[in-house]
Amino acid sequence: MNLKRIIPAEGREDKAVSLQGYGFCFLMNIVLEKNDVKTDKFIIRDILVKSLELQVLSLSEVSCLIALEDRDLWDEVFDTARKIKEKVYGKRIVLFAPLYLSNECINNCLYCGFRTGNAKAKRKTLSKDEALREASLLAGKGYKRLLLVTSENPKLAGINYIESVIDAIYKNTDIRILHVNAPPMSIEDFKKLKDCGAGVYQCFQETYHIPTYRMLHPSGPKSDYNWRLGVMDMAIEAGFEDIGMGVLLGLYDWRWDVWVLIAHSHRLIKKYGFGPHTLSVPRLQPAEGSKFRGSRYRVSDMDVKKIVAIYRLALPYVGIVISTREPAYLRDELFLIGASQVSAGSRTSPLGYIEDSDTAQFEVADLRSLEDVIEKIAELGLIPSLCTACYREGRSGERFKELAEGQGIKELCEQNALLTLKEYIEDYAPEDIKQLLIKRLKEESEKTGNGIFEKFKLIEEGERDVHV
Ligand code: SAM
Ligand code: SF4
């Protein structure tokens, strides 16, 4: 697609992002001519310098990155993305797993295996006990952070159900934080979700391109584009400061969707003083019973790398989440160009960890277990982290942003990463990777100082959840 046709004209971006509701999406979908997207090396290098100072990029600067084609300059962009990630978060990569609660969905998103029109799907909503069994199994492998995922079904998987599952998991397992990827809900329900201790609330816009959105979401509550678009405002107004956003890559031209997602983030920053806590990078996968293959807007591996780097440069403090939709070889590269949180050992069906069910939402590409991914992260010279400290220490929203701006998060992240790695070595690590992890722990701890060895001693003596 010709970039000139999809990038809004200079001077229209702020107007577009300051508007709300329908006016916002209408302006975002106007196709305007733009002739001044510059990609020469001087302009791009100026942008790289600005990003290295951890400044949020303007939308015009984002447009220049999106339009960039020069392969050598892209290598410079990837290298800059890695440096920014290390400046903000240090070498740590946080690990988690999704826990699917229900696939009984009243929507009909054509790309999803859970859609109501998929007559062949075997339907399942976990009982509270089943959810607890799945969470306990994951806790037994060393996970401390789970992402609860549910289809849209107010009767079977509404707020009271989600609340009861969260409560049961916190009370009965070693899981320390539960994030939630659930459909939009009322402000009242968001308040309940926040009050029961959910960490990040995550919801993807899928695509900002209205005609494509309407075509792919023909029925159910999700067919209302504006309801979906306003979800983050409602979550924030209900008290959520950690919100996770994303677009599903492959539904429409990624250049458009990535640009508008960043514009949407700017609008939230302007309005509330903070933007998304995380941006996810889901790419369309084959799904049993799907009616949309998405070949027209296929997103290549190189495009995924570009998108991760663009998010990292544009919004330096954002957590970038990479799921097991991506294959192992690509994830290993993404760990080094800006990703900061990754799932591992994932199953995408309810009861998927306890039994091998055939009701998955989409096909998982990286089949490695948690321990395999931990091993790989350590081999790459990074630090595997099972940290959950910020959510429980109230470091969220504006406070998190301020800490990150002063580069205070990096120090906390690296220490907590080492403390949780130490716990993992003591409690869960299989013998064949223990020596590698002990070596990495020693290398990084010697650089850290901060009384880390005294804290390790506490862990050796049996204390758990030691964090800063
Ligand atoms: N049902 C809720 C919703 O749609 O917001 C939340 C859970 S849904 C299971 C989580 C995300 O999975 C969706 O927002 C969508 O982006 C993604 N997804 C759906 N079908 C997919 C597919 N075939 N490949 C990759 N990701 C997919
Ligand atoms: Fe339901 Fe979410 Fe799948 Fe759409 S993406 S069919 S809302 S589970």
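Since every read-out is calculated from the coordinates, none of them should be taken as a lab result. Remember, it's a predicted structure, so these values are computed and weren't measured experimentally. As a convention, Cβ positions derive from the backbone with ideal geometry for all residues, glycine included, and neighbour counts pool all protein chains shown.
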Could you check the simple spin-label distance between SER127 and ASP372, using points 7 Å along Cα→Cβ, in nm with one decimal? 3.3
Please report Rg (one decimal) and Dmax (integer) in Å for the Cα set of the chain. 21.3, 66
Provide the per-residue ³J(HN,Hα) series for the stretch 311-326, in order, calculated from phi with Karplus coefficients 6.51, -1.76, 1.60 and θ = phi - 60°, each as a whole number of Hz, with x at glycine and proline positions. 4, 5, 6, 5, 10, x, 8, 6, x, 10, 9, 10, 9, 7, 4, 8
Please compare each pair in LYS91/LYS141; LYS171/LYS447; LYS192/LYS305; LYS85/LYS144; LYS50/LYS271 to a cut-off of 32 Å on the Cα-Cα distance and tell me which ones are over it. LYS171/LYS447; LYS192/LYS305
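First measure r as the distance between the Cβ atoms of SER223 and SER164, then evaluate 1/(1 + (r/R0)^6) with R0 = 41 Å and state the FRET efficiency to the nearest 0.05. All intermediate terms of the calculation are to be shown ahead of the outcome.
Values: r = 29 Å, r/R0 = 0.70.
Using R0 = 41 Å, I get an efficiency of 0.90.
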Counting all Cα-Cα pairs in the stretch 277-413, those more than 25 Å apart amount in percent to 36
Extending each Cα 7 Å along its Cβ direction at SER186 and GLU454, get the distance between those two points in nm, one decimal. 5.2
List the trypsin sites (Lys or Arg not before Pro) in the stretch 119-181 that DSSP assigns to loop (not H, G, I, E or B) and whose Cβ has at most 15 other Cβ atoms within 10 Å. Which are they? LYS120, LYS122, LYS141
When we measure straight from the Cα of LYS120, which lysines land under 19 angstrom away, once same-chain ones fewer than 8 places off are left out? LYS291
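How big is the C-alpha Rg of the stretch 410-460 next to the rule-of-thumb value 2.2 N^0.38 Å, as a ratio?
Numbers: Rg = 10.5 Å, N = 51, 2.2 N^0.38 = 9.8 Å.
Dividing the Cα Rg of the stretch 410-460 by 2.2 N^0.38 Å gives 1.07.
FRET efficiency for LYS291 and LYS155, Cβ-Cβ distance as r, R0 = 25 Å, nearest 0.05? Mind showing how you got there, number by number?
Numbers: r = 25 Å, r/R0 = 0.99.
Computed FRET efficiency for LYS291 and LYS155: 0.50.
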If you keep only loop residues by DSSP, which GluC sites (Glu not before Pro) in the stretch 362-436 have at most 15 other Cβ atoms within 10 Å of their Cβ? GLU363, GLU393
Sequence order, the stretch 389-395: Karplus ³J(HN,Hα) from phi using 6.51 cos²θ - 1.76 cosθ + 1.60, θ = phi - 60°, Hz rounded, Gly and Pro as x, gives 5, 4, 5, 8, 9, x, 8
Amide H contacts under 5 Å for ARG283, restricted to residues at least 5 apart in sequence or on another chain and with H modeled in the peptide plane, are LEU249
Label model pair LYS171, VAL468: point-to-point distance (7 angstrom along the Cα→beta-carbon line) in nm is 3.6
Which residues does the label zone of GLU443 cover in the stretch 328-362, counting backbone N under 17 Å from a point 7 Å along Cα→Cβ? 333, 335-337
Tell me, what ³J(HN,Hα) does each residue in the stretch 459-468 have, in order and in whole Hz, if you take phi through Karplus 6.51 cos²θ - 1.76 cosθ + 1.60 with θ = phi - 60° and put x for Gly and Pro? 5, 4, 7, x, 6, 10, 6, 6, 8, 10
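So for the stretch 54-202, considering every pair of alpha-carbon atoms, how many percent are separated by more than 19 Å? Walk me through the intermediate numbers first.
Working: 7036 of 11026 pairs.
Tail of the P(r) past 19 Å holds 64 percent of the pairs.
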